[in-house]
1. On the given criteria, is Glu343 of a type in the set (Asp, Glu) and over 20 Å from the mean Cα position of the chain (by Cα)?
2. Those residues that are closer than 24 Å to Leu92 by Cα and either within 15 Å of the ligand (Cβ to nearest atom) or acidic (Asp, Glu) (or both), I need them from segment 310-328; list them, please.
3. When you go through (1) open to solvent by less than 30 Å² (accessible area, probe 1.4 Å); (2) touching a Ser or Thr at 6+ places or on another chain (Cβ under 6 Å) one by one for Leu62, which number turns out not to apply?
4. Given the conditions (1) more than 13 Å from Met313 (Cα to Cα); (2) under 22 Å from the mean Cα position of the chain (by Cα), and given that Glu128 satisfies all but one, which numbered condition is not satisfied?
5. Name the residue that is least open to solvent (accessible area, probe 1.4 Å), counting only residues in segment 326-351 that are modelled with pLDDT of 90 or more and either hydroxyl-bearing (Ser, Thr, Tyr) or outside any helix (DSSP H, G or I) (or both).
6. For Arg68, indicate whether it is of a type in the set (Lys, Arg), open to solvent by 10 Å² or more (accessible area, probe 1.4 Å) and within 13 Å of the ligand (Cβ to nearest atom).
7. The conditions are (1) more than 16 Å from the ligand (Cβ to nearest atom); (2) of a type outside the set (Lys, Arg); (3) over 21 Å from Ile63 (Cα atoms), and Leu177 fails exactly one of them. Which is it?
Amino acid sequence: MSSNLLQLIARSVNPGAGKLLSDTELEYLLGLTNETERNELYKAAYQVKLREIGSRVYFRGLIEVGNRCAKDCYYCGIRAGNRKVERFQLSLEDIKVATEEALELNYGSVVLQSGEREDEAYVAFIEEALTLIRELSGGALGVTLSLGEQTEEVYRRWREAGAHRYLLRIETTNPVLYHKWHPVGCDFERRIGCLELLRKLDYQVGTGVLIGAPGQTLKDLVGDLRFFERQDIDMIGMGPYLVHRDTPMGQEVLEANDGREPDNFDLALNMIAVARLLLEDVNIASTTALHALRSDGRERGVLAGANVMMPNMSPLNHRKDYHLYQNKPTAVDSTLAHTSLVESLRQIGAEVGFGVRGDSCHYAKRRKNNS
Ligand code: SAH
């Protein structure tokens, strides 16, 4: 391994040093392919995480509320145009059962995620679900929403009903790619505007991108990291692009690769690690998409600097219909999956932050600085 690389990595571990990395250096680190070199990068990111937020991993029980979606994103299995999907929406009772399960397992937070809908019936339903979650937990559970683009009024209603974090991935910050991946009914500027609204309404704001999707370069990923930095983002949820064969992007990728699915696992870990070096104290999720590619994918995400996991609490009978990409892990009993995840985290020296929300340290600091 070159001593230049070792020096670069060693230097980036110091407080504030990630911010001094140039675009060229960020690109170089993202592009590492040699295993020994990558491991050095991950170790450095892990150290920064230990220093900034400790060794704990926070669990959020993921509740997939429904797969009806008004959008037609080229990569996504639940896009409006995919007629093969059986559409569903959970009832309040389903949400109650999932929340109780998260409480029983002593999770500090839940996430409500779904396809994008802006109709009043849906907005009011989410409001009711938030009220229910608040009642069930006596207000103790942290609540993240991941429900797409909405108006300021809707974000405000949901904030008042008890949500305090919001994850809205920008997917890519290269406008040309954005338009290619979302050719109809999507507006890049609106999505950025939504992130700004969420910040104004005092949510902890999360965003993220697809990693390794067709046409995307390392320079684009550097641009994404700079966007996270500029927007002063509190949380990051990002993962490798995975093929879904009933989508235009999936078809295109399979045709270009003689039917083989690409493997963006290492690139995704690099992106997590470099994000940790650059942004230091934000929450970073080790996503299900990593788990789809490797059985220990999420644990490896933690070792590369992530500190949040979103184990699935959705009712088992609907999991197969929330099929964003192929090989998404589905039919596993939540409690069994929980037990083995806690054990595998213990084996890598990470403990779970049970019973606490695990809010973004970055958010706490920026609020303090503003007051
Ligand atoms: N509609 C909500 C939630 C979307 S699903 C919203 O837009 O915020 C959550 C995430 O799954 C998306 O943001 C997207 O980044 C990811 N996703 C969708 N299709 C994917 C694919 N084929 N591979 C990897 N991730 C995918």
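1. Details: of a type in the set (Asp, Glu): yes; over 20 Å from the mean Cα position of the chain (by Cα): yes.
Taking the combined requirement at face value, the residue satisfies it.
2. So in segment 310-328, the residues closer than 24 Å to Leu92 by Cα come out as 310-324.
Hits for segment 310-328 are Met310, Asn312, Ser314, His318, Arg319, Asp321, Tyr322, His323, Leu324.
3. (2)
4. Result: Glu128 passes all but (2).
5. Only one residue tops the list, namely Ala350.
6. Values: of a type in the set (Lys, Arg): yes; open to solvent by 10 Å² or more (accessible area, probe 1.4 Å): yes; within 13 Å of the ligand (Cβ to nearest atom): yes.
Yes.
7. Checking Leu177 against (1) more than 16 Å from the ligand (Cβ to nearest atom); (2) of a type outside the set (Lys, Arg); (3) over 21 Å from Ile63 (Cα atoms), the one that fails is (1).
For (1) without any contact (Cβ under 8 Å) to a residue 24 or more places away in the chain; (2) more than 14 Å from the ligand (Cβ to nearest atom); (3) closer than 27 Å to Lys368 by Cβ, each residue gets a yes or a no:
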site: Leu132; (1), (2), (3): no, yes, no
site: Trp158; (1), (2), (3): no, no, yes
site: Ala161; (1), (2), (3): no, yes, yes
site: His164; (1), (2), (3): no, yes, yes
site: Cys186; (1), (2), (3): no, no, no
site: Leu195; (1), (2), (3): no, no, yes
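The values are calculated or read from the model by the stated rules, or taken from the named source; none is laboratory data. Keep in mind it's a predicted model, so treat the numbers as computed, not measured. Here the Cβ is made from the backbone with ideal geometry for all residues, glycine too, and neighbour counts use every protein chain on show. Accessible surface is based on the protein model in full, side chains and every heavy atom, while ligands, DNA and RNA are left aside. Shrake-Rupley method; radii C 1.70, N 1.55, O 1.52, S 1.80 Å.
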